[in-house]
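Below: one structure, written as structure tokens.
All of the numbers you see were taken from the coordinates with simple rules; none came from a lab. Because the structure is predicted, anything quoted here is derived from the model rather than measured. Cβ placement follows ideal geometry from the backbone for every residue including glycine, while neighbour counts extend to all protein chains displayed.
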Amino acid sequence: MNQKDFKPRVFSGIQPSGDLTLGNYLGAIKRFVSMQDQKFETIFCMVDLHAITVWQNPTELANSTRELCAGFIASGLDPNKSILFNQSQVPEHAQLAWIFNTVARMGWLNRMTQFKDKAGKNRENVSLALYAYPSLMAADILLYHATHVPVGEDQKQHLELTRDIAAKFNHDYNVDFFPITEPVIEGAGTRVMSLRDGTKKMSKSDPSEMSRINLRDTSEEIALKIQKARTDSDGLPSEISGLKGRPEAENLVNIYAALSNITVETALEDLGGKNFASFKRILSDLAVTELSSISKEMTRLMKDQGELDKILRQGADRAKAIASPILKETYDIVGMVR
């Protein structure tokens, strides 16, 4: 099989841990929706196996999985167009991850900066799963022979490792079996930062609720958080160079551009010279308009958890239909007797 023979297919996933944020929406889900109507077969996953690399309350994990599914659908993902499922319902993910554990090198994993950031000074006490996380991520992607993966900047290194694993597997077994997946990193909102500190990523785990906008926030909460967002004393520039060294200003402009579906350059042409009080009012109105309908639809969907479970089960069946033959052929290549 040559690289040109792989079917154009997108895979990506989000951890069901904590509330969905504006960062998840702009950095991932909004791009998922745009790719759904392009030339690709699209597969989007609630990666619950990744979520438990750090301890999760079981009840909260189940609720977060359903809420993430609701967030996908409320944002525009159509279960009839895209495959939506939670990772643990397709055991082939974990099975292929073990094969990839034999392919990935310790030196590669030791270079993963996200593990160092998450483990901090407590590296000896974190789970083995957190360390091996990138190998499972490679399995998530390559189990479907995904050719493209929309990712944020913080996941780019993991995708590079996925490419290394695919290339080494193909080389070791003298096959052209796994595609060398292409990252899709584009747009103004690929890395949304904290509203309280423009040098840190907007995070579900930040102890300050004011640092992030949650997709289920009310219109009043969204407006208040933007109004209270940290800025500096200067006004908005007319060119990107004027944002250099101003992380909070750059973050808010990026959010505005991403919500408006325009470039940062175009945004600054429109906004240059405005003070932050005026700009925040404009941004608040835009964010409320974009997000309030999503919040309302998520609330409606969460009232029928049986329907969400049905969507996830049907999605898992469709995912398994693609994944199972690929895993079986992988086992054949490796020499597993079945």
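How much length, in nm to one decimal, is gained on full extension between VAL54 and GLU307, taken as 0.36 nm per residue of separation minus their Cα-Cα distance?
Fully extending the segment from VAL54 to GLU307 adds 88.2 nm.
Pick from PRO91, PRO179, PRO150: which is most flexible by mean-square fluctuation in a GNM of the chain where alpha carbon atoms under 10 Å apart are linked?
Comparing PRO91, PRO179, PRO150 in the GNM, the peak value goes to PRO91.
When the chain is modelled as a GNM with alpha-carbon springs shorter than 10 Å, which of SER324, SER34, SER135 fluctuates the most?
Highest fluctuation among the options: SER34.
Sum -39500 (n - 2.57) across every DSSP H segment of at least 4 residues in the chain, then divide by the residue count to get the 222 nm mean residue ellipticity, nearest 500.
Helix-only estimate at 222 nm: -16000 deg cm²/dmol.
Just to be sure I understand the curve: with the Debye formula and one point per C-alpha of the chain, what is log10 I(q)/I(0) at q = 0.07, 0.08, 0.12 Å⁻¹?
-0.31, -0.40, -0.88
Non-local amide H neighbours of LYS201 (under 5 Å, H modeled in plane, Pro and chain starts lacking H): which ones?
SER194
Select from region 47-103 those chymotrypsin sites (Phe, Trp or Tyr not before Pro) which occupy a DSSP coil region and have at most 12 other Cβ atoms within 10 Å, ordered by residue number.
Loop-located and lightly packed - TRP55.
Could you list ILE333, ILE311 in order of exposure, starting from the residue whose Cβ has the fewest other Cβ atoms within 10 Å?
Placing the least packed residue first, the sequence is ILE333, ILE311.
Rounding to the nearest 20 debye, state how big the charge dipole of region 226-338 is about its Cα centre with +1 on each Lys and Arg Cβ and -1 on each Asp and Glu Cβ.
The calculated dipole for region 226-338 is roughly 540 debye.
Rounding to the nearest 20 debye, state how big the charge dipole of the chain is about its Cα centre with +1 on each Lys and Arg Cβ and -1 on each Asp and Glu Cβ.
440 debye
Identify which of GLN114, GLN155, GLN38 has the largest mean-square fluctuation in a Gaussian network model of the chain, with springs joining Cα atoms closer than 10 Å.
Result for the chain, Cα springs under 10 Å: GLN38 fluctuates most.
Can you grab the distance from the C-alpha centre of region 54-119 to the C-alpha centre of region 249-315, Å, no decimals?
24 Å
Only helices at least 18 Å long along their own axis, judged from Cα atoms, and with Kyte-Doolittle mean hydropathy of 0.5 or greater: name those in the chain from DSSP H. All intermediate terms of the calculation are to be shown ahead of the outcome.
Working: long enough: 58-74 (24 Å, 0.21); 128-142 (22 Å, 1.35); 156-172 (24 Å, -1.08); 247-260 (19 Å, 0.29); 276-302 (36 Å, 0.32); 305-334 (41 Å, -0.32).
What comes out of the filter, once short or polar helices are dropped, is 128-142.
Over the chain, what relative contact order in percent results from Cα pairs under 8 Å that are six or more residues apart? Don't skip to the answer; put the middle values down first.
On the way: 511 pairs, mean separation 78.8, N = 338.
Normalised by residue count, the contact order of the chain is 23 percent.
Past 30 Å, Cα to Cα: identify those pairs from LYS201/LYS296; LYS7/LYS156; LYS201/LYS320; LYS228/LYS310; LYS121/LYS280; LYS30/LYS328, in the order given. All intermediate terms of the calculation are to be shown ahead of the outcome.
Details: LYS201/LYS296 26 Å; LYS7/LYS156 22 Å; LYS201/LYS320 34 Å; LYS228/LYS310 40 Å; LYS121/LYS280 38 Å; LYS30/LYS328 34 Å.
Where the Cα-Cα span goes over 30 Å, the pairs concerned are LYS201/LYS320; LYS228/LYS310; LYS121/LYS280; LYS30/LYS328.
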